[in-house]
There are 2 protein chains.
Amino acid sequence: MIDRDGLPALSMRTVAAELDRRTMALYRYVEDREELECLVVDLALGGVLDRAVDSAADPAVDPAVDSAVDPVRSAVPSAGPRVRLLALLELMREAVGAHPGVLPLAVRHHGGCPPALRWRERLLEALADAGLDAPRRAAALHALVSYVIGALELEHQAAVAAAPGGASVPETFPLLAAALAARATADPAQAFADGARTVLDGLGLGPGPGPGLG
Amino acid sequence: MIDRDGLPALSMRTVAAELDRRTMALYRYVEDREELECLVVDLALGGVLDRAVDSAADPAVDPAVDSAVDPVRSAVPSAGPRVRLLALLELMREAVGAHPGVLPLAVRHHGGCPPALRWRERLLEALADAGLDAPRRAAALHALVSYVIGALELEHQAAVAAAPGGASVPETFPLLAAALAARATADPAQAFADGARTVLDGLGLGPGPGPGLG
DNA sequence: CCTCGTAGGTGTATGCCGTACGCCAAAACT
DNA sequence: AGTTTTGGCGTACGGCATACACCTACGAGG
(Lines give C-alpha, C1' and ligand atoms only; values in the text may rest on other atoms or scores of the structure.)
Protein backbone atom coordinates (compact mmCIF):
# COMPACT_ATOMS: atom_id res chain seq x y z
CA MET A 1 0.00 0.00 0.00
CA ILE A 2 2.76 2.46 0.90
CA ASP A 3 4.60 1.61 -2.29
CA ARG A 4 1.43 2.28 -4.25
CA ASP A 5 -0.08 5.36 -2.55
CA GLY A 6 2.69 6.76 -0.38
CA LEU A 7 3.21 6.90 3.33
CA PRO A 8 0.51 9.50 4.17
CA ALA A 9 -2.06 7.15 2.62
CA LEU A 10 -1.42 4.68 5.42
CA SER A 11 -4.14 4.95 8.02
CA MET A 12 -6.26 2.58 10.05
CA ARG A 13 -9.15 3.27 7.75
CA THR A 14 -7.27 2.64 4.52
CA VAL A 15 -5.66 -0.54 5.81
CA ALA A 16 -9.02 -1.83 6.93
CA ALA A 17 -10.54 -0.97 3.56
CA GLU A 18 -7.73 -2.85 1.83
CA LEU A 19 -8.73 -5.92 3.84
CA ASP A 20 -12.48 -5.38 3.30
CA ARG A 21 -12.99 -4.83 7.01
CA ARG A 22 -14.41 -1.93 8.99
CA THR A 23 -11.54 -0.05 10.63
CA MET A 24 -12.18 -1.09 14.21
CA ALA A 25 -11.64 -4.71 13.30
CA LEU A 26 -7.93 -3.94 13.14
CA TYR A 27 -7.82 -3.25 16.84
CA ARG A 28 -8.45 -6.94 17.48
CA TYR A 29 -4.98 -7.65 16.15
CA VAL A 30 -3.08 -4.48 16.98
CA GLU A 31 -2.92 -2.29 20.06
CA ASP A 32 -2.71 0.99 18.17
CA ARG A 33 -1.29 2.59 15.08
CA GLU A 34 2.21 2.44 16.54
CA GLU A 35 2.12 -1.33 16.62
CA LEU A 36 0.81 -1.53 13.08
CA GLU A 37 3.72 0.61 11.94
CA CYS A 38 6.12 -1.80 13.62
CA LEU A 39 4.56 -4.67 11.71
CA VAL A 40 4.91 -2.73 8.48
CA VAL A 41 8.61 -2.20 9.16
CA ASP A 42 9.04 -5.87 10.02
CA LEU A 43 7.41 -6.85 6.79
CA ALA A 44 9.29 -4.37 4.64
CA LEU A 45 12.76 -5.02 6.04
CA GLY A 46 12.43 -8.68 6.95
CA GLY A 47 12.27 -10.02 3.45
CA VAL A 48 15.57 -8.58 2.36
CA LEU A 49 17.51 -8.40 5.58
CA ASP A 50 16.87 -11.98 6.59
CA ARG A 51 18.36 -13.27 3.38
CA ALA A 52 21.72 -12.98 5.10
CA VAL A 53 20.77 -14.30 8.51
CA ASP A 54 18.70 -17.23 7.35
CA SER A 55 21.04 -18.56 4.75
CA ALA A 56 24.02 -18.33 7.08
CA ALA A 57 22.39 -20.72 9.54
CA ASP A 58 20.70 -22.84 6.91
CA PRO A 59 22.67 -25.97 5.95
CA ALA A 60 20.42 -26.58 2.96
CA VAL A 61 22.35 -24.14 0.82
CA ASP A 62 25.76 -25.20 -0.37
CA PRO A 63 28.23 -22.97 1.46
CA ALA A 64 31.07 -23.84 -0.91
CA VAL A 65 29.21 -22.25 -3.77
CA ASP A 66 27.41 -19.33 -2.16
CA SER A 67 30.25 -18.05 -0.06
CA ALA A 68 32.36 -17.53 -3.12
CA VAL A 69 29.65 -15.46 -4.78
CA ASP A 70 27.98 -13.39 -2.10
CA PRO A 71 29.96 -12.41 0.99
CA VAL A 72 26.80 -11.74 2.96
CA ARG A 73 25.51 -15.26 2.66
CA SER A 74 28.79 -16.66 3.87
CA ALA A 75 29.23 -17.84 7.45
CA VAL A 76 32.96 -18.41 7.06
CA PRO A 77 35.12 -15.39 7.90
CA SER A 78 37.45 -15.93 4.97
CA ALA A 79 35.62 -13.27 2.97
CA GLY A 80 37.18 -10.61 5.17
CA PRO A 81 35.34 -8.54 7.74
CA ARG A 82 35.50 -5.39 5.66
CA VAL A 83 33.82 -7.01 2.70
CA ARG A 84 31.17 -8.60 4.90
CA LEU A 85 30.48 -5.30 6.66
CA LEU A 86 30.19 -3.45 3.41
CA ALA A 87 27.81 -6.07 2.09
CA LEU A 88 25.66 -5.82 5.23
CA LEU A 89 25.46 -2.04 4.92
CA GLU A 90 24.43 -2.27 1.30
CA LEU A 91 21.93 -4.95 2.21
CA MET A 92 20.17 -2.48 4.47
CA ARG A 93 20.15 0.09 1.69
CA GLU A 94 18.67 -2.49 -0.61
CA ALA A 95 16.00 -3.35 1.95
CA VAL A 96 14.71 0.19 2.33
CA GLY A 97 15.26 0.85 -1.36
CA ALA A 98 12.68 -1.86 -2.09
CA HIS A 99 10.09 0.19 -0.19
CA PRO A 100 11.35 3.76 0.00
CA GLY A 101 8.22 5.18 1.57
CA VAL A 102 8.71 3.06 4.67
CA LEU A 103 11.96 4.77 5.62
CA PRO A 104 10.49 7.25 8.12
CA LEU A 105 8.75 4.39 9.89
CA ALA A 106 11.89 2.26 9.79
CA VAL A 107 13.96 5.00 11.36
CA ARG A 108 11.41 5.55 14.11
CA HIS A 109 10.87 1.88 14.95
CA HIS A 110 14.15 0.16 14.19
CA GLY A 111 14.81 -0.23 17.90
CA GLY A 112 11.92 -2.64 18.26
CA CYS A 113 12.07 -4.32 14.88
CA PRO A 114 13.46 -7.90 15.01
CA PRO A 115 14.96 -7.91 11.52
CA ALA A 116 16.84 -4.70 12.25
CA LEU A 117 18.11 -6.11 15.54
CA ARG A 118 19.32 -9.26 13.77
CA TRP A 119 21.06 -7.05 11.24
CA ARG A 120 22.88 -5.17 13.96
CA GLU A 121 23.94 -8.39 15.63
CA ARG A 122 25.38 -9.55 12.32
CA LEU A 123 27.25 -6.27 12.08
CA LEU A 124 28.73 -6.83 15.53
CA GLU A 125 29.74 -10.38 14.65
CA ALA A 126 31.69 -9.12 11.69
CA LEU A 127 33.29 -6.42 13.86
CA ALA A 128 34.29 -9.07 16.40
CA ASP A 129 35.79 -11.17 13.63
CA ALA A 130 37.80 -8.12 12.66
CA GLY A 131 39.41 -8.26 16.10
CA LEU A 132 37.64 -5.33 17.78
CA ASP A 133 37.03 -5.63 21.50
CA ALA A 134 33.71 -4.78 23.09
CA PRO A 135 34.16 -1.03 23.59
CA ARG A 136 35.48 -0.56 20.07
CA ARG A 137 32.66 -2.69 18.71
CA ALA A 138 30.11 -0.45 20.39
CA ALA A 139 31.74 2.67 19.01
CA ALA A 140 32.02 1.15 15.55
CA LEU A 141 28.39 0.05 15.57
CA HIS A 142 27.33 3.56 16.52
CA ALA A 143 29.35 5.09 13.71
CA LEU A 144 28.12 2.64 11.10
CA VAL A 145 24.46 2.75 12.05
CA SER A 146 24.55 6.53 12.26
CA TYR A 147 26.00 6.76 8.79
CA VAL A 148 23.47 4.35 7.32
CA ILE A 149 20.49 6.11 8.85
CA GLY A 150 21.70 9.53 7.77
CA ALA A 151 22.66 8.48 4.28
CA LEU A 152 19.34 6.78 3.66
CA GLU A 153 17.49 9.77 5.02
CA LEU A 154 19.42 12.09 2.71
CA GLU A 155 18.79 9.86 -0.27
CA HIS A 156 15.10 9.70 0.59
CA GLN A 157 14.76 13.47 0.79
CA ALA A 158 16.69 13.95 -2.42
CA ALA A 159 14.26 11.62 -4.14
CA VAL A 160 11.24 13.47 -2.73
CA ALA A 161 12.47 17.02 -3.28
CA ALA A 162 13.51 16.33 -6.86
CA ALA A 163 9.91 16.57 -8.09
CA PRO A 164 9.03 20.32 -8.07
CA GLY A 165 12.13 21.52 -9.89
CA GLY A 166 14.87 22.30 -7.42
CA ALA A 167 15.37 23.84 -4.00
CA SER A 168 17.29 26.66 -5.71
CA VAL A 169 20.24 27.13 -3.40
CA PRO A 170 21.08 30.84 -3.37
CA GLU A 171 24.28 31.80 -5.13
CA THR A 172 25.58 32.93 -1.76
CA PHE A 173 26.74 29.35 -1.25
CA PRO A 174 28.92 28.52 -4.25
CA LEU A 175 30.62 25.51 -2.74
CA LEU A 176 27.33 24.03 -1.62
CA ALA A 177 25.72 24.58 -5.00
CA ALA A 178 28.59 22.79 -6.70
CA ALA A 179 28.52 19.92 -4.26
CA LEU A 180 24.77 19.48 -4.62
CA ALA A 181 25.01 19.57 -8.38
CA ALA A 182 27.73 16.93 -8.33
CA ARG A 183 25.64 14.78 -6.00
CA ALA A 184 22.58 15.11 -8.23
CA THR A 185 24.36 13.65 -11.24
CA ALA A 186 26.15 10.91 -9.32
CA ASP A 187 24.91 7.38 -8.74
CA PRO A 188 23.25 7.16 -5.30
CA ALA A 189 24.41 3.58 -4.79
CA GLN A 190 27.97 4.61 -5.51
CA ALA A 191 27.73 7.55 -3.14
CA PHE A 192 26.36 5.32 -0.40
CA ALA A 193 29.11 2.77 -0.84
CA ASP A 194 31.80 5.46 -0.93
CA GLY A 195 30.61 6.87 2.36
CA ALA A 196 30.42 3.42 3.89
CA ARG A 197 34.00 2.71 2.84
CA THR A 198 35.04 6.03 4.35
CA VAL A 199 33.60 5.08 7.72
CA LEU A 200 35.19 1.64 7.56
CA ASP A 201 38.52 3.27 6.77
CA GLY A 202 38.11 5.52 9.77
CA LEU A 203 37.50 2.48 11.93
CA GLY A 204 40.83 1.05 10.91
CA LEU A 205 39.19 -1.65 8.82
CA GLY A 206 41.18 -0.81 5.76
CA PRO A 207 41.28 -2.95 2.63
CA GLY A 208 44.48 -4.53 3.88
CA PRO A 209 45.14 -8.21 4.64
CA GLY A 210 43.01 -8.45 7.75
CA PRO A 211 42.72 -7.60 11.46
CA GLY A 212 46.44 -7.02 11.64
CA LEU A 213 46.44 -4.01 13.95
CA GLY A 214 44.49 -5.35 16.93
CA MET B 1 6.41 25.52 22.93
CA ILE B 2 8.01 22.34 21.64
CA ASP B 3 10.55 22.45 24.46
CA ARG B 4 7.70 22.79 26.95
CA ASP B 5 5.02 20.44 25.60
CA GLY B 6 6.76 18.27 23.04
CA LEU B 7 6.56 18.08 19.28
CA PRO B 8 3.05 16.53 19.00
CA ALA B 9 1.72 19.55 20.89
CA LEU B 10 2.63 21.74 17.93
CA SER B 11 -0.42 22.44 15.83
CA MET B 12 -1.98 25.42 14.13
CA ARG B 13 -4.50 25.63 16.95
CA THR B 14 -1.95 25.55 19.76
CA VAL B 15 0.34 28.07 18.10
CA ALA B 16 -2.58 30.41 17.52
CA ALA B 17 -3.71 30.00 21.12
CA GLU B 18 -0.20 30.83 22.31
CA LEU B 19 -0.47 34.10 20.39
CA ASP B 20 -4.05 34.78 21.52
CA ARG B 21 -5.30 34.55 17.99
CA ARG B 22 -7.91 32.32 16.32
CA THR B 23 -6.12 29.63 14.33
CA MET B 24 -6.99 30.94 10.88
CA ALA B 25 -5.14 34.18 11.62
CA LEU B 26 -1.90 32.20 11.17
CA TYR B 27 -2.67 31.64 7.52
CA ARG B 28 -2.16 35.36 6.90
CA TYR B 29 1.53 34.85 7.60
CA VAL B 30 2.13 31.26 6.56
CA GLU B 31 1.05 29.22 3.58
CA ASP B 32 0.49 26.02 5.51
CA ARG B 33 1.83 23.94 8.37
CA GLU B 34 4.88 22.98 6.33
CA GLU B 35 6.01 26.58 6.15
CA LEU B 36 5.45 27.09 9.85
CA GLU B 37 7.65 24.09 10.55
CA CYS B 38 10.40 25.61 8.43
CA LEU B 39 10.21 28.79 10.49
CA VAL B 40 10.44 26.73 13.66
CA VAL B 41 13.60 25.04 12.40
CA ASP B 42 15.07 28.38 11.37
CA LEU B 43 14.43 29.74 14.81
CA ALA B 44 15.72 26.72 16.66
CA LEU B 45 18.92 26.21 14.69
CA GLY B 46 19.68 29.78 13.77
CA GLY B 47 20.60 30.99 17.21
CA VAL B 48 23.34 28.48 17.78
CA LEU B 49 24.53 27.75 14.26
CA ASP B 50 24.99 31.38 13.30
CA ARG B 51 27.33 31.99 16.18
CA ALA B 52 30.06 30.61 13.96
CA VAL B 53 29.08 32.32 10.74
CA ASP B 54 28.37 35.73 12.14
CA SER B 55 31.40 36.09 14.33
CA ALA B 56 33.74 34.91 11.59
CA ALA B 57 32.68 37.80 9.38
CA ASP B 58 32.26 40.27 12.22
CA PRO B 59 35.31 42.46 12.83
CA ALA B 60 33.88 43.68 16.15
CA VAL B 61 35.14 40.65 18.01
CA ASP B 62 38.84 40.47 18.68
CA PRO B 63 40.13 37.60 16.55
CA ALA B 64 43.39 37.35 18.43
CA VAL B 65 41.55 36.39 21.58
CA ASP B 66 38.67 34.35 20.29
CA SER B 67 40.53 32.30 17.75
CA ALA B 68 42.80 30.91 20.40
CA VAL B 69 39.85 29.76 22.49
CA ASP B 70 37.18 28.58 20.10
CA PRO B 71 38.24 27.17 16.73
CA VAL B 72 34.78 27.70 15.29
CA ARG B 73 34.83 31.44 15.74
CA SER B 74 38.13 31.71 13.98
CA ALA B 75 38.34 32.77 10.37
CA VAL B 76 42.04 32.05 10.11
CA PRO B 77 42.88 28.55 8.91
CA SER B 78 45.71 28.10 11.35
CA ALA B 79 43.46 26.15 13.71
CA GLY B 80 43.62 23.21 11.32
CA PRO B 81 40.78 21.98 9.16
CA ARG B 82 40.22 18.88 11.28
CA VAL B 83 39.69 20.87 14.44
CA ARG B 84 37.39 23.32 12.66
CA LEU B 85 35.35 20.52 11.13
CA LEU B 86 35.01 18.77 14.44
CA ALA B 87 33.91 21.99 16.07
CA LEU B 88 31.31 22.58 13.35
CA LEU B 89 29.91 19.08 13.78
CA GLU B 90 29.64 19.54 17.51
CA LEU B 91 28.06 22.92 16.95
CA MET B 92 25.22 21.25 15.09
CA ARG B 93 24.81 18.77 17.91
CA GLU B 94 24.68 21.62 20.34
CA ALA B 95 22.07 23.42 18.25
CA VAL B 96 19.62 20.53 18.18
CA GLY B 97 20.51 19.61 21.76
CA ALA B 98 19.18 23.00 22.83
CA HIS B 99 15.76 22.01 21.44
CA PRO B 100 15.71 18.22 21.13
CA GLY B 101 12.07 17.98 20.16
CA VAL B 102 12.71 19.90 16.96
CA LEU B 103 14.99 17.24 15.53
CA PRO B 104 12.39 15.47 13.38
CA LEU B 105 11.44 18.80 11.85
CA ALA B 106 15.07 19.75 11.36
CA VAL B 107 15.80 16.51 9.55
CA ARG B 108 12.80 16.93 7.28
CA HIS B 109 13.37 20.60 6.42
CA HIS B 110 17.11 21.10 6.60
CA GLY B 111 17.24 21.36 2.82
CA GLY B 112 15.32 24.63 2.87
CA CYS B 113 16.59 26.04 6.12
CA PRO B 114 19.05 28.94 5.68
CA PRO B 115 21.05 28.35 8.87
CA ALA B 116 21.58 24.69 7.92
CA LEU B 117 22.69 25.71 4.43
CA ARG B 118 25.16 28.20 5.87
CA TRP B 119 26.45 25.47 8.14
CA ARG B 120 27.04 23.17 5.20
CA GLU B 121 28.83 25.89 3.30
CA ARG B 122 31.12 26.38 6.28
CA LEU B 123 31.80 22.67 6.29
CA LEU B 124 32.75 22.80 2.64
CA GLU B 125 35.04 25.77 3.23
CA ALA B 126 36.93 23.84 5.85
CA LEU B 127 37.13 20.84 3.54
CA ALA B 128 38.50 23.07 0.79
CA ASP B 129 41.08 24.45 3.21
CA ALA B 130 42.08 20.88 3.91
CA GLY B 131 43.03 20.57 0.26
CA LEU B 132 40.15 18.46 -1.02
CA ASP B 133 39.06 19.06 -4.60
CA ALA B 134 35.43 19.43 -5.59
CA PRO B 135 34.49 15.78 -6.05
CA ARG B 136 36.17 14.78 -2.79
CA ARG B 137 34.48 17.68 -1.05
CA ALA B 138 31.08 16.48 -2.20
CA ALA B 139 31.78 12.96 -1.01
CA ALA B 140 33.14 14.19 2.30
CA LEU B 141 30.13 16.43 2.86
CA HIS B 142 27.83 13.53 2.19
CA ALA B 143 29.65 11.33 4.68
CA LEU B 144 29.77 13.97 7.38
CA VAL B 145 26.18 15.12 7.05
CA SER B 146 24.96 11.54 6.94
CA TYR B 147 26.81 10.73 10.12
CA VAL B 148 25.53 13.81 11.93
CA ILE B 149 21.91 13.19 10.97
CA GLY B 150 22.05 9.54 11.94
CA ALA B 151 23.91 10.11 15.19
CA LEU B 152 21.51 12.80 16.31
CA GLU B 153 18.55 10.65 15.37
CA LEU B 154 19.94 7.75 17.39
CA GLU B 155 20.60 9.98 20.35
CA HIS B 156 17.11 11.40 20.12
CA GLN B 157 15.50 7.98 20.09
CA ALA B 158 17.65 6.77 22.95
CA ALA B 159 16.47 9.72 24.99
CA VAL B 160 12.83 9.04 24.14
CA ALA B 161 12.86 5.25 24.59
CA ALA B 162 14.67 5.45 27.92
CA ALA B 163 11.48 6.38 29.77
CA PRO B 164 9.42 3.15 30.03
CA GLY B 165 12.23 0.94 31.30
CA GLY B 166 14.05 -0.64 28.40
CA ALA B 167 13.36 -2.16 25.03
CA SER B 168 14.53 -5.48 26.46
CA VAL B 169 16.70 -6.85 23.67
CA PRO B 170 16.22 -10.62 23.62
CA GLU B 171 19.16 -12.67 24.87
CA THR B 172 19.38 -14.06 21.37
CA PHE B 173 21.61 -11.07 20.57
CA PRO B 174 24.42 -11.13 23.11
CA LEU B 175 26.75 -8.81 21.26
CA LEU B 176 24.01 -6.28 20.68
CA ALA B 177 22.89 -6.34 24.30
CA ALA B 178 26.45 -5.70 25.45
CA ALA B 179 26.94 -2.89 22.95
CA LEU B 180 23.67 -1.22 23.92
CA ALA B 181 24.50 -1.47 27.60
CA ALA B 182 27.90 0.07 27.01
CA ARG B 183 26.31 2.86 25.00
CA ALA B 184 23.73 3.52 27.72
CA THR B 185 26.38 4.21 30.35
CA ALA B 186 28.64 6.26 28.08
CA ASP B 187 28.54 10.02 27.61
CA PRO B 188 26.50 10.89 24.51
CA ALA B 189 28.68 13.87 23.71
CA GLN B 190 31.77 11.70 23.83
CA ALA B 191 30.15 9.06 21.64
CA PHE B 192 29.17 11.70 19.09
CA ALA B 193 32.66 13.17 18.99
CA ASP B 194 34.25 9.72 18.71
CA GLY B 195 32.11 8.89 15.71
CA ALA B 196 32.83 12.25 14.13
CA ARG B 197 36.57 11.70 14.53
CA THR B 198 36.17 8.26 12.98
CA VAL B 199 34.59 9.72 9.87
CA LEU B 200 37.24 12.42 9.66
CA ASP B 201 39.93 9.75 9.93
CA GLY B 202 38.26 7.86 7.12
CA LEU B 203 38.36 10.98 4.99
CA GLY B 204 42.12 11.18 5.39
CA LEU B 205 41.84 14.22 7.65
CA GLY B 206 43.93 12.65 10.36
CA PRO B 207 45.23 14.55 13.39
CA GLY B 208 48.54 15.04 11.57
CA PRO B 209 50.24 18.30 10.58
CA GLY B 210 47.88 19.27 7.80
CA PRO B 211 46.72 18.58 4.26
CA GLY B 212 49.92 16.78 3.49
CA LEU B 213 48.55 13.94 1.38
CA GLY B 214 46.67 15.87 -1.32
C1' DC C 1 -13.41 64.86 3.87
C1' DC C 2 -14.67 60.91 2.04
C1' DT C 3 -13.96 56.66 -0.15
C1' DC C 4 -11.98 52.46 -0.85
C1' DG C 5 -8.50 48.83 -1.08
C1' DT C 6 -6.25 46.01 1.82
C1' DA C 7 -4.02 43.93 5.89
C1' DG C 8 -5.39 41.48 9.78
C1' DG C 9 -8.69 38.76 12.15
C1' DT C 10 -12.96 35.79 12.94
C1' DG C 11 -16.53 32.07 12.43
C1' DT C 12 -18.12 28.29 10.21
C1' DA C 13 -17.70 24.06 7.84
C1' DT C 14 -15.57 19.94 5.58
C1' DG C 15 -13.20 15.92 5.62
C1' DC C 16 -9.63 13.58 7.45
C1' DC C 17 -7.48 11.13 11.55
C1' DG C 18 -6.95 7.75 15.86
C1' DT C 19 -9.58 5.39 18.91
C1' DA C 20 -12.90 4.57 23.24
C1' DC C 21 -17.16 2.14 24.04
C1' DG C 22 -20.75 -1.07 23.50
C1' DC C 23 -23.24 -4.53 20.91
C1' DC C 24 -23.51 -8.80 18.16
C1' DA C 25 -22.78 -13.34 15.75
C1' DA C 26 -20.41 -17.49 15.22
C1' DA C 27 -17.25 -20.71 16.78
C1' DA C 28 -14.78 -23.34 20.22
C1' DC C 29 -14.43 -25.52 24.38
C1' DT C 30 -16.57 -27.64 28.67
C1' DA D 1 -26.25 -27.41 26.23
C1' DG D 2 -24.12 -23.68 27.93
C1' DT D 3 -20.47 -20.62 28.17
C1' DT D 4 -16.48 -18.30 26.91
C1' DT D 5 -13.63 -16.57 23.44
C1' DT D 6 -12.80 -14.65 18.89
C1' DG D 7 -13.73 -11.57 15.24
C1' DG D 8 -16.26 -7.93 13.74
C1' DC D 9 -19.54 -3.80 13.49
C1' DG D 10 -21.60 0.98 14.33
C1' DT D 11 -21.47 4.98 16.55
C1' DA D 12 -19.34 8.82 18.54
C1' DC D 13 -15.81 12.04 20.24
C1' DG D 14 -12.18 15.09 20.02
C1' DG D 15 -8.42 16.85 17.37
C1' DC D 16 -6.25 18.00 13.10
C1' DA D 17 -5.33 21.07 8.62
C1' DT D 18 -7.55 24.05 5.94
C1' DA D 19 -11.13 26.14 2.34
C1' DC D 20 -14.50 29.90 2.19
C1' DA D 21 -16.91 33.90 3.33
C1' DC D 22 -17.33 37.71 6.20
C1' DC D 23 -16.06 41.62 9.13
C1' DT D 24 -13.16 45.68 10.88
C1' DA D 25 -9.85 49.19 11.07
C1' DC D 26 -6.67 51.97 8.82
C1' DG D 27 -3.98 54.48 5.49
C1' DA D 28 -3.55 56.48 0.98
C1' DG D 29 -5.79 58.82 -3.14
C1' DG D 30 -9.36 61.39 -5.01
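Within the accessible surface of segment B:87-214, defined with a 1.4 Å probe on protein heavy atoms only, the carbon and sulfur portion equals 60 percent. Applying the Karplus relation 6.51 cos²θ - 1.76 cosθ + 1.60 with θ = phi - 60° to segment B:20-31 yields 3J(HN,Hα) values of 6, 10, 10, 6, 5, 4, 4, 6, 6, 10, 9, 5 Hz, where x marks Gly and Pro.
I need the calculated FRET efficiency for the pair B:Glu31 and A:Ala161, taking r as the beta carbon distance and R₀ as 25 Å, to the nearest 0.05. Rounded to the nearest 0.05, the efficiency is 0.90. Heavy-atom accessible area with a 1.4 Å probe sorts B:Thr14, B:Thr172, B:Thr185, largest first, into B:Thr185, B:Thr172, B:Thr14. Peptide A:197-207 shows a mean partner chain C-beta count of 5 within 10 Å per residue C-beta. Per residue, segment B:99-140 exposes 35 Å² of solvent-accessible protein surface, assessed with a 1.4 angstrom probe and all protein chains in place. Comparing the full protein assembly with the isolated chain (1.4 Å probe, heavy atoms, ligands and nucleic acids excluded), the residues of segment A:168-190 losing at least 50 square angstrom of accessible area are A:Phe173, A:Leu175, A:Leu176, A:Arg183. Between A and B, buried accessible area from a 1.4 angstrom probe totals roughly 3500 Å², ignoring ligands, DNA and RNA. Legend: residues in segment A:149-163 shielded by at least 10 square angstrom of accessible surface upon adding the remaining protein chains to the isolated chain (1.4 Å probe, heavy atoms) are A:Ile149, A:Gly150, A:Ala151, A:Glu153, A:Leu154, A:Gln157.
For the peptide A:131-139, the mean number of other protein chain Cβ atoms found within 10 angstrom of a residue's Cβ is 4.
The values are calculated or read from the model by the stated rules, or taken from the named source; none is laboratory data. These numbers were taken from a predicted model, which means no experiment stands behind them. Neighbour counts run over all protein chains shown; Cβ positions are idealised from the backbone, glycine included. Each accessible area value is taken on the protein alone, full model and side chains, heavy atoms only, with ligands, DNA and RNA left out. Shrake-Rupley method; radii C 1.70, N 1.55, O 1.52, S 1.80 Å.
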